[in-house]
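**Q** One structure, as structure tokens, below. Some questions next.
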Amino acid sequence: MLSIDQLEEKLIDLAFAEDIGDGDHTTLCCIPEDAEGRSHLLIKEEGILAGVEVAKKVFARFDPTMQVEVLMGDGSKVKPGDIAMVVTGKVRSLLQTERLMLNIMQRMSGIATMTNRYVERLQGTGTRVLDTRKTTPGLRMLEKQAVKIGGGTNHRIGLFDMILLKDNHVDFAGGITKAIDRCHAYLEEKGLKLKIEIEVRNFDELNEVLNHGGVDRIMLDNFSVADTGKAVKLIGHRYETESSGGITFDTIRDYALQGVDFVSVGALTHSVKGLDMSFKAC
């Protein structure tokens, strides 16, 4: 399996191939090869900055001679007019890296900003906000980094680092008990140690899980706020608890106040607006 650094390098290479193709003919036709310049990253909207470290990799990957002066790092609270970084180097390099850097930083900063809003909404409850696998294909590592920068918690990176028995798994396996038992048999056969979470849709399924055991976390899927409170009392801290399904910014605190350990929010990554910023000559 590729490391995070290797995945980022492959992503950056693919993005440059997609954008530049056989050459940035606009830049090549009007900018001399030896021209040097400076550009700064100008923040145009209030939020949480994310993607600075990835941006540095973008510049270094394209042209190692580019020099980056970071003025505001990942996780910084930013406002219109702030200068986050200044980059010095060949003008051609500044122009050809501009859009990729901005695409990454705007999206990551948008995710970090939205995540931070949810985190602040949960202050004092002890409940943590989780992301999901509802990410942009190929960008998951970056988007989940942004969630962490915004103060959120990563649920799981992919299908390989945690067992999550969802409704379809349960139905295809023939029920709660069969799904859990097959899960344990598989983990033992493969010599794997992975946390097990199971999704329940109603109190019948919840009671079956409580009677059978063998899991680490129970996901309460599309439970009402009132039913969430009842379920948490039934579980009684024997397992971690997670609320999921149809939870919004307006309702998330109500769920948290029922005592769940986590609330998962797909909107952190699938419905985010990029943070406005620009990369201008200075």
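**Q** For a quick check of your reading of the filter: which GluC sites (Glu not before Pro) in region 33-131 sit in a DSSP loop and have no more than 14 other Cβ atoms within 10 Å? Walk me through the numbers on the way to the answer.
**A** Values: sites: E33, E36, E45, E46, E53, E69, E98, E120; in loops: E33, E45, E46.
The qualifying sites are E33, E46.
**Q** Additional query: For a quick check: with amide H placed at 1.01 Å from N, whose amide H comes under 5 Å from D74's, ignoring anything fewer than 5 positions away on the same chain?
**A** Those qualifying (amide H under 5 Å, at least 5 residues apart or on another chain) are V52, E53.
**Q** Also: Roughly what would the spin-label model give for E120 and L159, points 7 Å off Cα along C-beta, in nm?
**A** Here the modelled spin labels are 3.8 nm apart.
**Q** Could you state, as a whole-number percent, how many of the C-alpha pairs of region 98-178 are farther apart than 22 Å? All intermediate terms of the calculation are to be shown ahead of the outcome.
**A** Working: 1308 of 3240 pairs.
Roughly 40 percent, once rounded to a whole number.
**Q** Taking 0.36 nm per residue of sequence separation and subtracting the Cα-Cα distance, how much length would be gained by fully extending the chain between R38 and F203, in nm to one decimal?
**A** Details: separation 165, 0.36 × 165 = 59.40 nm, distance 6.16 nm.
Net length gain for the segment: 53.2 nm.
**Q** List the chymotrypsin sites (Phe, Trp or Tyr not before Pro) in region 242-276 that DSSP assigns to loop (not H, G, I, E or B) and whose Cβ has at most 15 other Cβ atoms within 10 Å. Which are they? Don't jump to the answer; show the numbers that get you there.
**A** Details: sites: F249, Y255, F262; in loops: F249.
Loop-located and lightly packed - F249.
**Q** For the chain, with a Gaussian network of springs between Cα atoms less than 10 Å apart, report the residue from T26, T228, T177 with the top mean-square fluctuation.
**A** T26
**Q** Between C30 and K134, what's the calculated FRET efficiency when r is the beta-carbon distance and R0 is 41 Å? Round to 0.05. Write down the numbers at each step before the final one.
**A** Values: r = 42 Å, r/R0 = 1.02.
Given R0 = 41 Å and the Cβ-Cβ separation, E is 0.45.
**Q** On to the next question. To the nearest 10 degrees, how steep is helix 225-235 against the longest Cα principal axis of the chain, on a 0 to 90 scale?
**A** 60
**Q** Also, quick follow-up: When a/c reaches 1.5 or more, the comparison of a/b and b/c decides; with that in mind, is region 1-116 rounded, prolate or oblate per its Cα gyration tensor?
**A** Numbers: a/c = 1.97, a/b = 1.31, b/c = 1.51.
Since a/c reaches 1.5 but b/c is at least a/b, the shape of region 1-116 is classed as oblate.
**Q** Going down the list K77/K273; K144/K166; K56/K144; K134/K233; K166/K193, which pairs span over 27 Å between their C-alpha atoms? Walk me through the numbers on the way to the answer.
**A** Working: K77/K273 17 Å; K144/K166 21 Å; K56/K144 18 Å; K134/K233 30 Å; K166/K193 19 Å.
Check vs 27 Å cut-off fails for K134/K233.
**Q** Relative to the Cα centre, what is the charge dipole magnitude of the chain, using +1 at the beta carbon of each Lys and Arg, -1 at the beta carbon of each Asp and Glu, and rounding to the nearest 20 debye? Walk me through the numbers before you get to the answer.
**A** Values: 35 positive and 42 negative charges, 103 e Å.
The dipole magnitude comes to about 500 debye.
**Q** Next question, about the same structure. Quick one: if you stick a label point 7 Å off each Cα along the C-beta vector at E188 and T88, how many nm between them?
**A** 6.5
**Q** Give me the percent of Cα-Cα pairs in region 133-203 that sit more than 21 Å apart, rounded to a whole number. Each step should come with its number before you reach the end.
**A** On the way: 996 of 2485 pairs.
I get 40 percent for the Cα pairs in region 133-203 exceeding 21 Å.
**Q** Then there's this: Please give me the summed charge of the neighbours of L234: other residues whose Cβ is under 13 Å from its Cβ, Lys and Arg +1, Asp and Glu -1.
**A** Local net charge: -1.
**Q** I've got another one for you. Helix 203-212: angle to the longest alpha-carbon principal axis of the chain, degrees 0 to 90, nearest 10?
**A** Once rounded, one gets 80 degrees.
**Q** Label-point separation (nm) for K280 and K178, each offset 7 Å from Cα along Cα-to-Cβ?
**A** Computed distance between label sites K280 and K178 equals 6.4 nm.
**Q** Could you give the Stokes-Einstein D for the chain in µm² per second, using the C-alpha Kirkwood radius, 37 °C, 0.692 mPa s?
**A** Working: Rh = 21.0 Å.
The Stokes-Einstein estimate is 156 µm²/s.
**Q** Let me ask something else about it. Going by the alpha-carbon gyration tensor, a ≥ b ≥ c the square roots of its eigenvalues, is region 142-250 rounded (a/c under 1.5) or, if a/c is not under 1.5, prolate (a/b greater than b/c) versus oblate? Don't skip to the end; give the middle numbers.
**A** On the way: a/c = 1.88, a/b = 1.08, b/c = 1.74.
Judged from the Cα gyration tensor, region 142-250 comes out oblate (a/c at least 1.5, b/c at or above a/b).
**Q** Hey, any idea what % of region 1-83's accessible area is carbon plus sulfur with a 1.4 Å probe?
**A** Whole-percent figure for carbon plus sulfur exposure: 53.
**Q** Using the Cα centre of region 24-131 as the reference point, and only Cβ charges (+1 on K/R, -1 on D/E), how large is the resulting charge dipole? Debye, rounded to the nearest 20.
**A** 360
The values are calculated or read from the model by the stated rules, or taken from the named source; none is laboratory data. Fair warning: this is a prediction, and the values are worked out from it, not measured in the lab. As a convention, Cβ positions derive from the backbone with ideal geometry for all residues, glycine included, and neighbour counts pool all protein chains shown. Note: accessible area is taken over every heavy atom of the protein model, side chains too, but ligands, DNA and RNA are not part of it. Shrake-Rupley method; radii C 1.70, N 1.55, O 1.52, S 1.80 Å.
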